[in-house]
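So the structure is just underneath, and the comments pick up after that.
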Amino acid sequence: MNRFSKFASVFLLAPFSVFAQNQPADSLKQIQLSSVVIIGQQRVINKNIKVLSSLDSYLETNNAVNMIKRGAYAWEPMLNGMATERSVVTIDGMRIYGACTDKMDPITSYVEVTNLSQANIHSGQAGAVNGATIAGSIDLLRRQSGFGGKPFAGSIFSGLESANLQKIAGATLQHSSANFFADVDFTFRDADNYKAGGGKEVLYSQFTKYNFSTTVGYQLDPHQQLKASLIYDKATDVGYPALPMDVSKAEAFIGSLQYDKHVGSSLVDYWQTKLYYNKVTHIMDDTKRPDVPIRMDMPGWTNTGGFYSKLNGEISNHKWTANLSGHYNTSLAEMTMFSNNPNEKDMFMLTWPGVHTLYTGLFLEDKISLNKQWAASVSLGSALHHNVVKDDFGYESLKIFYPDMQRNKSRWLKNTAVKMSYHKEKWQFDFGTGYGERAPSVSEGYGFYLFNSADKYDYVGNPEMPNEKSLEFNTSAAVSKADFSVKAQLNYFRICDYIIGFNRTDFIPMTIGASGIRMYGQLPVATIFNAGLSLGYRITEHLQWSGNMAYRRGNSGNLNLPQIQPFSYGSAFKYTDKSFIAEISASGTIKQTAYGAEFGEVPAAAYTVFNFATSKQFDLAKQKIVVKAGVENLFNRYYATFADWNRIPRMGRNVFVNVIFGF
């Protein structure tokens with residue numbers, strides 16, 4: 001690091017930041033421990049500097065979220081230091097199951113920032129409204145023009161990035177009238193291999209992606225509305241440098257039909273019901289890898305049909321919500337190993353043996369205004385989770401490990417939470433507790449020889465495990481004044497029957513080069529602690545500063561849990577003058593010392609990276625053109641974080657340009 005960058009790091013990192021965008025602390029209506037990441041592109045004058053960034057990058061700005069990277073595409077969101085098995089990720093409340101046994105297609109990969117408005121992030125049991133959870137939930141809300149707006153509007157956008165020659169192009173169109181609206185969006189992305197710091201090319205990191213989205217609404221009368229939506233997303237030739245295989249196709253169809261009614265009675269105010277269906281296809285192969293011990297194909301498919309019906313109402317000092325939801329999912333994945341010897345037969349197995357899941361749940365919540373300063377929230381939920389192994393071949397394969405295994409497994413999942421909130425003038429305090437349960441995921445319960453490239457073990461599911469259970473405690477304090485704001489958050493999870501893999505020496509692995517077999521089992525107790533501090537200060541009318549720090553700790557006795565973020569920091573100065581914005585920021589972490597060596601983790605070194613960006617809007621009659629440009633990783637630092645699978649390096653210096661023409 002040269003003299004200038006050393007000086008800059010001292011200057012910028014005096015305060016700390018991960019750039020979380022939190023819900024304002026000036027209302028008792030929102031007393032859940034939650035936050036909102038604003039994404040929407042409805043206005044071309046969007047304040048985000050890199051407006052055409054991926055959704056993954058937007059989510060990563062939130063304190064509670066880390067993104068596990070296996071390449072340059074489709075990062076896996078971790079909420080409160082926990083992987084996706086312990087959280088619920090939805091699109092407009094719809095449940096969707098990824099079709100990849102290696103988590104190469106998280107739900108967040110099937111949407112684009114150009115068709116979303118915001119991501120609602122709820123920690124712990126505050127997120128149980130959308131399903132059984134331990135870590136919380138992320139609900140991605142789609143953009144809607146609504147009724148009675150501008151008759152015709154839209155934008156055309158393009159972008160270019162230097163580190164991987166990523167090309168971005170697309171358009172949005174919106175129409176709105178008194179009784180009808182329509183939103184249409186198309187985005188195309190194409191990227192070559194990216195270069196890490198110092199100019200080293202990271203092979204197999206290319207991707208191509210198409211995303212089409214539309215939502216239409218019709219107003220039956222002033223109190224009733226119908227809405228229909230469709231997402232079609234397709235990615236091809238996706239490389240994963242941290243994994244032994246790439247993806248030839250990842251495809252999703254996501255459709256829904258929604259009915260809204262403003263009841264307006266003394267008890268019930270609003271009723272919303274949605275029917276939805278989605279189909280996901282994911283095909284892994286290694287045909288573009290020059291040296292592999294044996295060729296493999298690994299396709300996977302999921303189909304999910306579901307519904308939810310929500311009622312909101314208010315009576316006296318109570319605001320209540322009731323949500324009845326359900327979905328039916330089928331998950332099937334297979335693997336074929338092609339022998340290099342023509343005299344030997346190819347080997348075939350079902351890695352997900354045709355698992356069918358039926359989920360039905362009821363969630364109730366009551367928000368109570370006790371007086372001008374105090375409010376309370378009480379929630380209660382219950383769900384029936386039922387699995388069936390449909391495929392005979394897959395069922396018989398699993399019986400090798402579990403001779404007494406039954407095809408059917410039913411579970412009763414429960415959750416409850418209580419929260420108190422105190423608000424006076426510019427101050428707000430929240431504290432609460434909750435209890436929740438979850439069922440094992442398809443991989444944890446029924447996976448068959450799933451290779452983990454980080455610890456080099458084949459994993460086998462365990463359908464006989466009891467529910468995982470969590471007791472949580474959370475608190476937050478915030479003060480917001482005209483020129484200064486600060487918010488501190490703490491949460492603690494004590495998880496019983498924590499699901500994790502255990503070595504089995506009595507079985508041999510299937511994958512060539514694997515270290516052995518691990519079968520899913522449970523630790524008696526594991527704990528995860530999260531802390532965050534966010535600050536903001538308006539220095540002058542035009543200059544703002546934001547800062548934040550975050551810390552996590554996850555362990556079970558002397559065992560460190562894997563993929564736990566070390567202490568992180570950062571800072572940003574933003575200058576705004578009418579239609580011009582300039583921003584300089586820095587972020588980093590200290591050296592990772594508490595890491596899961598038993599799970600193949602190696603420590604990640606400390607790092608600090610700097611970014612600089614500008615934005616300018618030009619007015620042309622009734623149209624607007626916005627040009628946003630900047631440099632990420634300004635000093636071309638070579639580094640990898642705890643969240644980089646197998647410690648693949650992050651992108652080096654990246655110059656980007658976004659151009660948006662709005663009309």
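The values are calculated or read from the model by the stated rules, or taken from the named source; none is laboratory data. For clarity, every value in this text was computed on a predicted model and none was experimentally measured. Here the Cβ is made from the backbone with ideal geometry for all residues, glycine too, and neighbour counts use every protein chain on show.
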- [ ] Looking only at region 503-551, count how many residues are more than 30 Å from MET245 (Cβ to Cβ), buried (at least 21 other Cβ atoms within 10 Å of the Cβ), among the hydroxyl-bearing types (Ser, Thr, Tyr) and in contact with a Phe, Trp or Tyr (Cβ under 6 Å, 6 or more places away or on another chain).
- [x] 0
- [ ] Give region 386-411 a look and list any residue that's in contact (Cβ under 8 Å) with a residue 40 or more places away in the chain and touching a Ser or Thr at 6+ places or on another chain (Cβ under 7 Å), or say none.
- [x] ASN387
TODO: Please specify each residue of region 335-381 satisfying the condition of being farther than 19 Å from ILE283 by Cβ and part of a loop (DSSP other than H, G, I, E, B).
DONE: SER339, ASN340, ASN341, PRO342, ASN343, GLU344, LYS345, LEU370, ASN371, LYS372, GLN373
- [ ] Could you please tell me which pairs satisfy a Cβ distance under 8 Å, a separation of 6+ or placement on different chains, a first residue in region 201-230 that is free of Cβ contacts under 8 Å to residues at least 24 places away in the same chain, and a second residue that is not in a strand (DSSP E or B)?
- [x] GLU201/ASN193; GLU201/TYR194
- [ ] Those residues that are within 23 Å of PRO353 (Cβ to Cβ) and without any contact (Cβ under 8 Å) to a residue 60 or more places away in the chain, I need them from region 75-114; list them, please.
- [x] THR84, LYS103, PRO106, ILE107
TODO: Hey, can you tell me all the residues within region 644-663 that are of a type in the set (Phe, Trp, Tyr) and surrounded by 21 or more Cβ atoms within 10 Å (Cβ to Cβ)?
DONE: TRP645, PHE656
Open item on the list: buried (at least 17 other Cβ atoms within 10 Å of the Cβ), touching a residue at least 24 places away in the same chain (Cβ under 8 Å) and more than 25 Å from the chain's Cα centre (by Cα): is that true of LEU370 in this structure?
Closed with: no
Task: Residues of region 220-255 satisfying the condition of being surrounded by fewer than 23 Cβ atoms within 10 Å (Cβ to Cβ), among the hydrophobic types (A, V, I, L, M, F, W, C) and outside any loop (DSSP other than H, G, I, E, B) - done: LEU220, LEU226, ALA228, LEU230, PHE253
Open item on the list: Being in a strand (DSSP E or B), over 25 Å from the mean Cα position of the chain (by Cα) and touching a residue at least 40 places away in the same chain (Cβ under 8 Å) is the filter here; which residues of region 577-609 pass it?
Closed with: ILE581, GLU583, ILE584
Open item on the list: Can you confirm whether GLY354 is touching a residue at least 12 places away in the same chain (Cβ under 8 Å) and surrounded by fewer than 16 Cβ atoms within 10 Å (Cβ to Cβ)?
Closed with: no
Task: Criterion (closer than 19 Å to GLY255 by Cα, of a type in the set (Gly, Ala, Ser) and in a strand (DSSP E or B)) met by exactly one of GLY217, GLY170 - done: GLY217
- [ ] Answer with yes or no whether ASP291 is acidic (Asp, Glu) and part of a strand (DSSP E or B).
- [x] no
Open item on the list: Let me spell it out: the conditions are (1) within 21 Å of the chain's Cα centre (by Cα); (2) free of Cβ contacts under 8 Å to residues at least 12 places away in the same chain, and SER568 meets all of them except one. Which number is the exception?
Closed with: (2)
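To keep it simple, each residue is scored yes or no on (1) under 25 Å from ILE254 (Cβ atoms); (2) of a type in the set (S, T, N, Q); (3) touching a residue at least 24 places away in the same chain (Cβ under 8 Å).
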| site | (1), (2), (3) |
| --- | --- |
| SER137 | yes, yes, yes |
| SER145 | yes, yes, yes |
| GLY154 | yes, no, yes |
| ALA163 | no, no, yes |
Open item on the list: Considering only region 535-556, I want to know if a residue exists there that is of a type in the set (Val, Ile, Thr) and in contact with a Gly (Cβ under 8 Å, 6 or more places away or on another chain).
Closed with: no
Task: Hits in region 74-99 - residues which are surrounded by fewer than 23 Cβ atoms within 10 Å (Cβ to Cβ), farther than 21 Å from SER35 by Cβ and over 12 Å from the mean Cα position of the chain (by Cα) - done: TYR97
- [ ] Within region 561-588, work out how many residues are of a type outside the set (A, V, I, L, M) and over 27 Å from LYS628 (Cβ atoms).
- [x] 5
Task: Residue within region 528-536 that is over 29 Å from ALA594 (Cβ atoms), part of a strand (DSSP E or B) and among the small types (Gly, Ala, Ser) present - done: yes
Task: Within region 313-334, considering residues that are of a type in the set (Gly, Ala, Ser) and assigned to a strand (DSSP E or B), the one farthest from ARG407 (Cα to Cα) - done: GLY313
Task: Checking ALA163 against (1) surrounded by 20 or more Cβ atoms within 10 Å (Cβ to Cβ); (2) small (Gly, Ala, Ser); (3) in a strand (DSSP E or B), the condition it does not meet - done: (3)
- [ ] Return the residue satisfying two criteria in turn: it lies in region 383-413 and is hydroxyl-bearing (Ser, Thr, Tyr) and surrounded by 16 or more Cβ atoms within 10 Å (Cβ to Cβ), and of such residues it is nearest to ASP430 (Cα to Cα).
- [x] TYR395
- [ ] Could you list, in sequence order, all residues of region 312-322 that are surrounded by fewer than 18 Cβ atoms within 10 Å (Cβ to Cβ) and among the hydrophobic types (A, V, I, L, M, F, W, C)?
- [x] ILE315, ALA322
Open item on the list: I'd like the residue in region 471-483 that is in a strand (DSSP E or B) and out of contact with any Gly (no Cβ under 7 Å at 6 or more places or on another chain) and, out of all such residues, is farthest from LEU533 (Cα to Cα).
Closed with: LEU471
- [ ] Scan LYS372, LYS419, LYS424, LYS456 and give me the residue that is at pLDDT 95 or above and of a type in the set (D, E, K, R).
- [x] LYS419
